[in-house]
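Contents: one structure, followed by commentary.
Quick note: the coordinates plus some simple rules give every number you see, no bench work behind them. Model, not experiment: these values are computed from the prediction. Cβ placement follows ideal geometry from the backbone for every residue including glycine, while neighbour counts extend to all protein chains displayed.
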Amino acid sequence: MWPFKRREPESPEDRFKQGTRAIEQGHLAKGIDILTELTRDEPTNIEAAVNLGAARFTVGDFGAAEREFGRALEHSPDNPKILLNLAAVKSSMERLDEAIDLLMRILEIDPQFRDCHYNLAIAYWRKGHVPEAMAELELELALHPDHKLARELATQIRERHGGAVGQQ
């Protein structure tokens, strides 16, 4: 008998956990490699595609992140989390109208989805639509009063635009 224990192949779940753990620990390249292999072997693994997309977004590989979130969306077209991530990618690529369309789609699915109004506010603000941005921030804060970033952005917009916030 061979003196060494034979290693069983890792299950997809183990590989998912290993890749996700690597990303959480800041080992992005390692996590990306593991999840890339996993999604190649299991193209319908939505969770792996989402985590891979998030890791690719973090390293600034927006095109690859868009592909991963798009693939996940094919298998779960009404998933607000995937739509929100894809909207963030589109926004980062300066495709603000596409991001806004995705965010509006989320609101059709779940009008209270956390961060949706906040991300809409950012997109509107970046387009120069200050009143719309403030309206979305107010909605986000009404739904989620603990949303620190939404509160900070509202303060920043008020300081920058003062009395012009309600006009335009």
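Quick look at the values:
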| item | result |
| --- | --- |
| Entirely in region 65-168, the helices (runs of 4 or more DSSP H) that have 1 or more residues that are over 27 Å from VAL50 (Cβ atoms) | 130-143, 148-161 |
| Residue count for region 121-133, restricted to those that are over 17 Å from LEU107 (Cβ atoms) and of a type outside the set (D, E, K, R) | 4 |
| Any hit, region 90-101, residues being touching a Gly at 6+ places or on another chain (Cβ under 9 Å), more than 28 Å from ASP14 (Cα to Cα) and surrounded by fewer than 20 Cβ atoms within 10 Å (Cβ to Cβ) | yes |
